[in-house]
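The values are calculated or read from the model by the stated rules, or taken from the named source; none is laboratory data. For clarity, every value in this text was computed on a predicted model and none was experimentally measured. Here the Cβ positions follow ideal geometry from the backbone for every residue, glycine too, while neighbour counts run over all protein chains shown.
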């Protein structure tokens, strides 16, 4: 199991995310209103930022977020039931194609995509809704 790290400082996030900092803040705030309680767990990553944020709801990871220059990399894994819900949802064809092309594993199908603007957040919030569907 990967070590849990201290969260980055506001300065570290700002210097990496740059123009995507408001998007990061809106994503975290939006996730917090959709998943109560929501915990941010920071773990090591082999990316340029050296760590990633797991958004967890009751020990269940909802999203994996990796800060990058002017962007946020969002990763999500959907089980088979959630995958079927996603295919019938309002998600864009691009996101549905990513899921369709993803190799199915026991844990589900995982995708990763870049978020650079507030317009991208609707899809992230839809994925949270799908993932939280009982």
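Scanning the range 50-75 for residues being over 19 Å from residue 29 (Cα atoms), touching a strand residue (DSSP E or B) at 6+ places or on another chain (Cβ under 9 Å) and modelled with pLDDT of 95 or more gives a total of 1.
Every residue, every condition in (1) closer than 17 Å to residue 10 by Cα; (2) in contact (Cβ under 8 Å) with a residue 40 or more places away in the chain, yes or no:
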site	(1), (2)
26	yes, yes
39	no, no
61	no, no
75	no, no
82	no, yes
85	no, yes
93	no, no
100	no, no
105	no, no
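The test for being crowded, with 19+ Cβ neighbours inside 10 Å and part of a strand (DSSP E or B) does not hold for residue 124.
Surrounded by 13 or more Cβ atoms within 10 Å (Cβ to Cβ) and closer than 20 Å to residue 117 by Cβ: does that describe residue 91? Yes. Scanning the range 92-114 for residues that are farther than 21 Å from residue 60 by Cβ and within 13 Å of the chain's Cα centre (by Cα) gives a single hit, 114.
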